[in-house]
Amino acid sequence: MDKFFIIYKKLLKNNEGNSLIDIIENILNEIEKDKNKKYIRNIKFTNKEYICEIISVLSNNISWRKHIGKIDGRVLNNKHNYFVKIGLYEKLYEYNLEKYLKNNKKESKILSMDSTFIQNKNGIEKIGRNVFYKNKKGIKITTIVDNKGIPLKMRIDEGNRHDAILAPKIINNMVPNKKNIKKYILADKGYDSQKIRNLINKKKYIPLISKRKNNYKAKILSNKEKKIYHNRIIVENSYSWIKSFAKVEKFYEKKIKSYKGLLLLAVSILIFKRC
C-alpha cells in the first residue's frame, strides 16, 4: 500500500507540487473536526489508504465486491458511501473549482453547454429509456464548461429527458455576467428554442445555438459567430476526459448519490491537474 500511495501521490500532483490526496485528507479532517473524539472505533486503515483505493476503483472500473487490495471491497464501498453522506466530494469539487478560477485571472468569454447519455447497468434511480440510444436505459449528465473544458455547472437527470427541457434548470443556477464584456454560451441544435435563448440573455450572455432545419424563425449564425461556435467541441472533449474514468462511463452504482460522488471525484481530479 505504501508503494501504491507513493505512485498516486506522484501522479496526482499539480504545478505547485501539491498532492490531491493530501488536499482530500485536509478537507476530510475539517469536516470531521467536530466528531466526538471519545467515540473512536479501532482504526485499521488511514484515510489516505481509503482515498487511494477509491481512486483505483474509479480509474479501473473494479467492482466493489471483486476489488483486490489491502482493504476489503465491501468495507471500501461503505467508506465511499460515508464520504458521500458527509459531502466530501461536493466540498472537494467546490475547493478545486474555486482555486482554478482564482488561478485563471482571465475569465472565460466562451462557455459551452451539452448533455451526455450514461447507459445504466445496475442503477435503480433516475433511470429513463432513451429512443435515440437504441432504446437503452440510463441517465443524462448536463454540464456547462469553460474554454478549457472545466465543468462549471453539472446536474444529473433521467435519461429520457430532452436536452431542451433540462437546459433551463442548469441555466437558472448560473451566476449572471455582471461585467460589460461579451460572453457567449454555445450549444447544439438540441437546445434550439426561443425560451432557452431568452434565459441565456437574462443572464447577460449571448446565445450561439445551431438552428434546426425546420426552425425558419431562428437567426442564422454570421461568419464571425461560426468561428466562435467552433469552440463548442471543448464540451465533447470534456465528456471524453470524464469518461476516461471507467467507473463513471456507465451507471454501475445502484444509488444516484453514489454515482454522483464518483463523478465529482473524477471531475475534481481533472480540475486539480489544470490548477
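DSSP beta bridges in the chain, what fraction antiparallel, as a percent rounded to 5?
Working: 19 of 27 bridges.
Given both bridge residues lie in the chain, the antiparallel proportion sits at roughly 70 percent.
Here the chain is treated with +1 on each Lys and Arg Cβ and -1 on each Asp and Glu Cβ, and its dipole about the Cα centre works out to around 880 debye.
By the beta-carbon count within 10 Å of each Cβ, the least crowded to most crowded order of Trp241, Trp64, fewest first, is Trp241, Trp64.
What does the helix-only formula give at 222 nm for the chain: each DSSP H stretch with n ≥ 4 adding -39500 (n - 2.57), the total divided by the residues, and the result rounded to the nearest 500 deg cm²/dmol? Provide the component values of the computation, followed by the final result.
Numbers: 11 runs with 122 residues, N = 275.
Taking each H run of at least 4 residues, the total per residue is -13500 deg cm²/dmol.
FRET efficiency for Asn103 and Lys169, Cβ-Cβ distance as r, R0 = 30 Å, nearest 0.05?
On the way: r = 29 Å, r/R0 = 0.97.
Efficiency at R0 = 30 Å is approximately 0.55.
FRET efficiency for the pair Glu90 and Lys211, taken as 1/(1 + (r/R0)^6) with r the Cβ-Cβ distance and R0 = 35 Å, rounds to 0.45.
Report, please, the projected area of segment 107-252 averaged over directions, based on the convex hull of its C-alpha atoms, in nm².
Details: hull surface 36.7 nm².
Mean projected area of the Cα convex hull: 9.2 nm².
The modelled label-to-label distance between Glu125 and Lys44, using points 7 Å beyond Cα along the C-beta direction, is 2.7 nm.
Across all Cα atoms of segment 174-275, the radius of gyration (one decimal) and Dmax (whole number) stand at 17.1, 47 Å. What is the distance in Å between the Cα centres of segment 197-211 and segment 83-158? After rounding, the separation between the Cα centres reads 20 Å. Placing one equal scatterer on every Cα of the chain and applying the Debye formula, the log10 ratio I(q)/I(0) at q = 0.07, 0.10, 0.12 Å⁻¹ is -0.29, -0.58, -0.81.
Output the pairs from Lys179/Lys257; Lys66/Lys148; Lys134/Lys226; Lys48/Lys273; Lys153/Lys254 with a Cα-Cα distance over 28 Å in this structure; if there are none, say none.
Distance filter (> 28 Å) returns Lys179/Lys257; Lys66/Lys148; Lys134/Lys226.
Extension gain, Leu221-Ser56: 0.36 nm per intervening residue step, less the Cα-Cα distance, totals 54.9 nm. When you filter the GluC sites (Glu not before Pro) in segment 34-112 for DSSP loop state and at most 14 other Cβ atoms inside 10 Å of their Cβ, you are left with Glu107. Shape class of segment 62-191 from the alpha-carbon gyration tensor: oblate, with a/c at 1.5 or above and b/c at least as large as a/b. A full extension of the chain between Lys70 and Gln194 corresponds to an added length of 39.1 nm, given 0.36 nm per residue minus the alpha carbon distance. Helix 256-273 and the longest principal axis of the Cα set of the chain meet at an angle near 80°.
Available extension along the chain between Lys179 and Asn18 is 54.7 nm, counting 0.36 nm per residue and deducting the alpha carbon span.
Coordinate-derived values only; no laboratory data. Because the structure is predicted, anything quoted here is derived from the model rather than measured. With ideal geometry, Cβ positions are generated from the backbone for all residues, glycine too; neighbour counts draw on all protein chains shown.
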